[in-house]
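Here is the structure we will look at.
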Amino acid sequence: MNKKIILLILTSLLIMASFGCAIAPTAEQYFREGLDLFELGYYEEAIEKFDMALDINPNHTEARNYLSLSLYRNGIRRYIQEDYEGAIKNFERVLEMHPDHLAAKDYLGHSWYNRGYSLETRSRYQEAILSYEKAIEIDPDYKDAWWRKGYVLLQQRRYTESIESYEKVIEIDPNDGSAWHNKGVAFQKLGFTSTALECFEKARELGYNQ
């Protein structure tokens, strides 16, 4: 082959390679695009860009910080929209990055609780119980989650487990008359009449009226 032709081919390849390198987005370019989207409130799109920046450069501190903030804000948006599944995914990612992020942890617990209540209203009881347990795992003193778990267990005729849940509610708040009452109902269903009556009496003392 003619040397001139070979040289021409090699030169063309070098130019193409250089052009390809020149147009390949960098981590900084993805970060800047993500930042523009973040400032416009397009958090999901920003998350995608920050993820791409970190794929190229895992040590890009600003991309990591803005990714965390975008996930948090998108989680709140999902929570307000009652998209609890979406909220959970966002807050879980925040906590993977920052395990001590208390606000994200708090929102995550409430997201699991609300997910549970939504499932409960649709008679998906076992899934609801699992969601309440997730909320309790995040905050062992989450009174409302223990209360609703006890209620669903009561409806499912799982009386002993329901009593355990309501005992936890009472441990957290001894003045919760509704917990004393429902605990009494569970004991009554199990045939422990005298214990049930004691619970009902305590509920009345606390001002609970069925």
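The values are calculated or read from the model by the stated rules, or taken from the named source; none is laboratory data. Every value quoted in this text rests on a predicted model; they were computed, and no experiment measured them. All Cβ positions, glycine included, derive from the backbone under ideal geometry; neighbour counts span all protein chains shown.
Results, tabulated for the structure shown:
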{"quantity": "From Y79, Y42, residue being crowded, with 16+ Cβ neighbours inside 10 Å, of a type outside the set (A, V, I, L, M) and over 19 Å from E96 (Cβ atoms)", "calculated": "Y42"}
{"quantity": "Criterion violated by E161 - all others in (1) in the same structural domain as F192 (by TED's automatic domain parsing); (2) touching a residue at least 12 places away in the same chain (Cβ under 8 Å); (3) in contact with a helix residue (DSSP H, G or I) (Cβ under 9 Å, 6 or more places away or on another chain) satisfied", "calculated": "(2)"}
{"quantity": "Qualifying residue in the range 65-84 (condition: in contact with a helix residue (DSSP H, G or I) (Cβ under 9 Å, 6 or more places away or on another chain), free of Cβ contacts under 8 Å to residues at least 60 places away in the same chain and closer than 26 Å to L154 by Cα)", "calculated": "yes"}
{"quantity": "Residue within the range 78-88 that is of a type in the set (S, T, N, Q) and under 19 Å from K134 (Cβ atoms) present", "calculated": "no"}
{"quantity": "Residue match in the range 68-77 (condition: assigned by TED's automatic domain parsing to the domain that holds Y30, out of contact with any Lys or Arg (no Cβ under 7 Å at 6 or more places or on another chain), not in a helix (DSSP H, G or I) and not polar (S, T, N, Q))", "calculated": "no"}
